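Inspection log for the structure reproduced underneath, given as structure tokens.
The values are calculated or read from the model by the stated rules, or taken from the named source; none is laboratory data. Being a predicted model, the structure only gives us computed values, none of them experimental. Backbone-built Cβ (ideal geometry, glycine too); neighbour counts: all protein chains shown.
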Amino acid sequence: MEELLRRSEKLTTVGQLAAGVAHEIRNPLTTLRGFLQLQQEKKVLIPLHIELMLSELERINLIVSEFLILSKPQAVHFQQKDVRFILSDVISLLDSQAHLFDIEFVARFSDEPATVHCEENQLKQVFINIVKNAIEAMPQGGTITLEQYTADQSVVIVITDEGEGIPEDILPKLGEPFFTNKETGTGLGLMVSQRIIQAHKGSMEIASEVGSGAKVTITMPAAEAVIPRKSMNEERSE
Ligand code: ADP
Ligand code: MG
């Protein structure tokens, strides 16, 4: 019974998501068709229209890519990895983008190993999504702090920015698919991140006040605290 319930819950979420995706993709498609029809009638190519069509295509591409991260069953391969190395990779990846906006990264990692049982690419994607949001919230520059410590057999990662912050009434909407206040945002980054962290048996929390930045805290079970290898395999075939 419980299993049935769980499944139907999953299906409802999938159904809602599918409807959302269909809607979000149909909008740019409609625009694309409109411009193409116009060009067919006029038999001329208008550079501005081509530019708009390319940006609509890019939007579809972004939406599809974010979903692909969630749904690549073959690529999901859980391993023991040290979170500190994944965080360092993310800093190197985004360093030049941050520099453009006068943003500096500060890393504060613990000296002890911070091993988690994870799909490295997915976890990296989570940190990239969060740090990108931080960068986008700080057009005037500032500091983004990536902190990591171990507590109670958990690995905790805290990413803090000095950006515009998030109004209280918006906080509960974060993680809803397609919620965005950015012109070219997809509103999928946090939803995808939350799902990935859940699939890793962790949790993610966002705290913020307008004007004083945002703080994202991710807690994951430390690998040593996680179940032995046998049940790990059972988990994978779920
Ligand atoms: P997107 O970045 O495409 O808008 P996300 O799911 O990554 O989608 O984020 C959803 C929304 O949450 C953003 O549009 C923004 O309003 C808010 N948000 C997320 N992170 C931050 C942050 N660090 N500072 C301020 N607002 C944020
Ligand atoms: Mg984002």
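Tell me, please, whether a residue that is more than 16 Å from ligand 1 (Cβ to nearest atom), among the small types (Gly, Ala, Ser), assigned to a helix (DSSP H, G or I) and out of contact with any His (no Cβ under 6 Å at 6 or more places or on another chain) can be found in segment 63-84.
Among the residues of segment 63-84, at least one is more than 16 Å from ligand 1 (Cβ to nearest atom), among the small types (Gly, Ala, Ser), assigned to a helix (DSSP H, G or I) and out of contact with any His (no Cβ under 6 Å at 6 or more places or on another chain), which makes the answer yes.
Is it true that ILE50 is under 22 Å from the mean Cα position of the chain (by Cα), at pLDDT 80 or above and part of a helix (DSSP H, G or I)?
Judged against the criteria, ILE50 is not a match.
Would you check which residues across segment 180-208 are among the β-branched types (Val, Ile, Thr) and either touching a helix residue (DSSP H, G or I) at 6+ places or on another chain (Cβ under 8 Å) or touching a residue at least 60 places away in the same chain (Cβ under 8 Å) (or both) and list them?
THR184, THR186, VAL192, ILE196, ILE197, ILE206
Quick check on my filter: what residues within segment 94-114 are of a type in the set (Ser, Thr, Tyr) and over 21 Å from the mean Cα position of the chain (by Cα)?
SER110
Across segment 1-47, what is the number of residues that are among the acidic types (Asp, Glu), modelled with pLDDT of 75 or more and closer than 21 Å to MET191 by Cα?
Final tally of qualifying residues: 1.
Among (1) crowded, with 21+ Cβ neighbours inside 10 Å; (2) near ligand 1 (Cβ under 8 Å from one of its atoms), which single condition is MET220 missing?
Every condition holds for MET220 apart from (2).
When residues of segment 153-179 are filtered for being on the phi > 0 side of the Ramachandran plot and in contact (Cβ under 8 Å) with a residue 40 or more places away in the chain, how many remain?
3
With within 16 Å of ligand 2 (Cβ to nearest atom), on the phi < 0 side of the Ramachandran plot and of a type in the set (Gly, Ala, Ser) as the only criterion, which of SER55, SER65 stands out?
SER65
What's the number of the condition SER110 fails, among (1) part of a loop (DSSP other than H, G, I, E, B); (2) within 16 Å of ligand 2 (Cβ to nearest atom)?
(2)
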